[in-house]
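K.L.:
Can you keep this structure in mind? I'll have questions shortly.
Here, each number is a calculation from the coordinates, and none is a lab measurement. Owing to the predicted nature of the structure, the values given are computational and were not obtained by experimental measurement. Positions of Cβ are backbone-derived with ideal geometry, glycine not excepted, and every protein chain shown enters the neighbour counts.
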Amino acid sequence: MRTRRILLFMLTMILLMSGCSPAEKSRPFARLQVTESMQLDFATQFSVDYYEGGYKMLSLADGSRFFVVPEGAKLPEGADQVAVPLYQPVKNIYLAATSAMCLFDSLGRLDAISLSGTKADGWYIPNARAAMNDGRILFAGKFNTPDYELITATQCPLAIESTMIGHASDIKEQLEQLDIAVLVDQSSNEPHPLGRSEWIKFYGALLNEEEKADQIFRTQVGYLNSVKESTPSGKTAAFFYVSSSGRIIARKSGDYVSRMIALAGGKYIFENLGDSTARMSTVPLEPEFFYSEARNADILIYNATIADEISSISQMVEKCPLLADFKAVKSGNVWCTSKNMYQETTGLGQMIRSLHEIFSDIPADVSKLPFFYRLK
């Protein structure tokens, strides 16, 4: 009897040390083996593990995990205890994270999206706008005011939100109560600009488009590689727009725009602007402060992604007369962003290449630079 008790005690200790009960050991999910993991170059906010049988685990930096079940396969017992199940083909998605639309578009998979958190006129991705105008994608309310009735009527299994959903946690909870998985896209937290572009691999895994996603991403890496060995120009740049109240709204130091400027061989004029721990990516400034800090910037880049697009330097100066005395205005080295810049997460390598041309002494054909144009 004593020997039997000792053996039972030893068996219990072994199971405790392994962290699994006999029942857990017998579950199909516990027996599934990881065959490989996705290789990432820049992204730090997600990972993808591949299991035998075609199953995948998508893990995010916030601790959330999604277990992707191949079409026709069953959910292994115990999988729903460690991750949120998603069944392929994943479709009828409610997309509230605007940065992800271009990734679906580049993969040729807008068909997976049925609902948008942005209206048709808010999209600067032609295929997305056309899909909404044609009724293939419907507006289902902004991220903080979703149309629950429409979302449930379309049998939506997945809502893809931006990190802004953190300000509306009750919305996330309500969606989950309706049995809708909520995936928070964390590409905006990527420290390297191309980390954002690499999220195309994440959605490629979700949609079984890994090969196409890798090819698209490699193209952007090629743009970066084409300029990274170049000698930095040393030229300084300010990136801003003028609000309706007359204040200057500039990008804070260290965000992905200022990092793209650095990768392109330039230097952001502000070294310590804004709170690095704050979520906001822009900082409102009084025109006089902007004048004192950025008057001698070699290049001005007017941010028209939020403000109205302008076609001339004089239009910009009308918004803030102090700009007339800026070095870049006098030399005519003033540029403007296209409206689609923030929505084109896929093309950040190409943006860096375009910025490199802007910083070059003799830019290439500036009339054909993607995402930027020179003001007359």
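K.L.:
What number, in percent, do you get for the relative contact order of the chain if the mean sequence gap of Cα pairs under 8 Å and at least 6 apart is divided by its residue count?
P.N.:
13 percent
K.L.:
On to the next question. At a Förster radius of 35 Å, what calculated FRET efficiency corresponds to the Cβ-Cβ distance of Arg65 and Ser226, to the nearest 0.05?
P.N.:
Calculated value: 0.45.
K.L.:
A follow-up question, please. Which pairs, out of Lys228/Lys330; Lys74/Lys212; Lys91/Lys201; Lys319/Lys376; Lys267/Lys327; Lys228/Lys339, put more than 24 Å between their alpha-carbon atoms?
P.N.:
Lys228/Lys330; Lys74/Lys212; Lys228/Lys339
K.L.:
Work out the length of the dipole vector of the range 182-251 about its Cα centre, built from +1 on the beta-carbon of each Lys and Arg and -1 on the beta-carbon of each Asp and Glu, and round it to the nearest 20 debye.
P.N.:
480 debye
K.L.:
Highest mean first, what order results for 158-167, 120-129 on Cβ atoms within 10 Å?
P.N.:
Descending mean neighbour count gives 158-167, 120-129.
K.L.:
Considering only DSSP beta bridges whose two residues both sit in the range 34-192, what percent are antiparallel, to the nearest 5?
P.N.:
If I count the DSSP bridges inside the range 34-192, around 45 percent turn out antiparallel.
K.L.:
Tell me, what is the Rg over Rh of the range 66-176, with Rh the Kirkwood radius over Cα pairs?
P.N.:
Computed over Cα atoms, the ratio is 0.98.
K.L.:
State, to one decimal in nm, how far the label point of Ser276 lies from the label point of Asn92, with both points 7 Å from Cα in the Cβ direction.
P.N.:
Each label point is offset 7 Å from its Cα along the Cβ direction, giving 4.6 nm.
K.L.:
Moving to a separate point now. Taking the Cα atoms only, what angle lies between the long axis of helix 210-228 and the longest principal axis of the chain, rounded to 10 degrees?
P.N.:
For 210-228 against the chain, the angle is about 40 degrees.
K.L.:
If you plug each phi of the range 88-104 into the Karplus form 6.51 cos²θ - 1.76 cosθ + 1.60 with θ = phi - 60°, what whole-Hz ³J(HN,Hα) values come out, in order, with x for Gly and Pro?
P.N.:
7, x, 7, 8, 6, 6, 9, 9, 9, 8, 4, 5, 8, 4, 5, 5, 5
K.L.:
Considering the chain as a Gaussian network with a 10 Å cut-off on Cα pairs, which listed residue, Phe139, Phe42, Phe289, attains the greatest mean-square fluctuation?
P.N.:
Of Phe139, Phe42, Phe289, the Gaussian network model singles out Phe289 as fluctuating most.
K.L.:
Next question. Averaging over all projection directions, find the projected area of the Cα convex hull of the range 181-278 and quote it in nm² with one decimal place.
P.N.:
Convex hull of Cα atoms, orientation-averaged projection: 9.0 nm².
K.L.:
Return the long-range amide H neighbours of Ser116 (sequence gap of 5 or more, or a different chain), with a cut-off of under 5 Å between placed amide H atoms.
P.N.:
Leu95, Leu138, Phe139, Ala140
K.L.:
I want to make sure I understand the PRE zone here: with the label point 7 angstrom from the Cα of Asn144 toward its beta carbon, which residues in the range 98-119 have backbone N atoms less than 20 Å away?
P.N.:
Taking a point 7 Å out along Cα→Cβ of Asn144, the residues of the range 98-119 whose backbone N falls under 20 Å are 98-100, 116-119.
K.L.:
With θ taken as phi - 60° and the coefficients 6.51, -1.76 and 1.60, list the Karplus ³J(HN,Hα) couplings across the range 333-346 in order, rounded to whole Hz; mark glycine and proline as x.
P.N.:
With the stated coefficients, the range 333-346 comes to 9, 10, 10, 9, 7, 6, 5, 8, 4, 6, 8, 9, 4, 4 Hz.
K.L.:
What is the Cα radius of gyration of the range 230-374 over 2.2 N^0.38 Å, N being its residue count?
P.N.:
Normalised Cα radius of gyration, the range 230-374: 0.96.
K.L.:
What ranking do 103-113, 305-315, 54-64 get when scored by the average of other Cβ atoms within 10 Å per residue, highest first?
P.N.:
Final packing ranking: 103-113, 54-64, 305-315.
K.L.:
Mind checking the log10 I(q)/I(0) for the chain at q = 0.08, 0.10, 0.11 Å⁻¹? Debye, one equal scatterer per Cα, no solvent, two decimals.
P.N.:
Debye output, listed in q order: -0.49, -0.72, -0.84.
K.L.:
Find how much the distance from Leu75 to Glu176 grows on full extension, using 0.36 nm per residue of separation minus their present alpha carbon separation; answer in nm with one decimal.
P.N.:
34.5 nm is the gain from fully extending Leu75 to Glu176.
K.L.:
Now, a different point. Expected output is a single nm value to one decimal: the length gained when fully extending between Asn296 and Gln39, i.e. 0.36 nm times separation in residues minus the C-alpha distance. What is it?
P.N.:
88.2 nm
K.L.:
Relative to the longest principal axis of the chain, what angle (0 to 90°, nearest 10) does the C-alpha long axis of helix 2-18 take?
P.N.:
Relative to the chain, helix 2-18 is tipped by roughly 20 degrees.
K.L.:
For the chain, what is the percent of antiparallel DSSP beta bridges, rounded to the nearest 5?
P.N.:
50 percent
K.L.:
Now for a different question. Once you keep just the Cα pairs under 8 angstrom separated by 6 or more residues, what percentage relative contact order results for the range 230-374?
P.N.:
Once normalised by length, the contact order is 25 percent.
K.L.:
Could I ask something else about it? Build a GNM of the chain with springs between Cα atoms under 10 Å: which of Ser230, Ser187, Ser116 gets the top mean-square fluctuation?
P.N.:
Result: Ser230 has the largest fluctuation of those listed.
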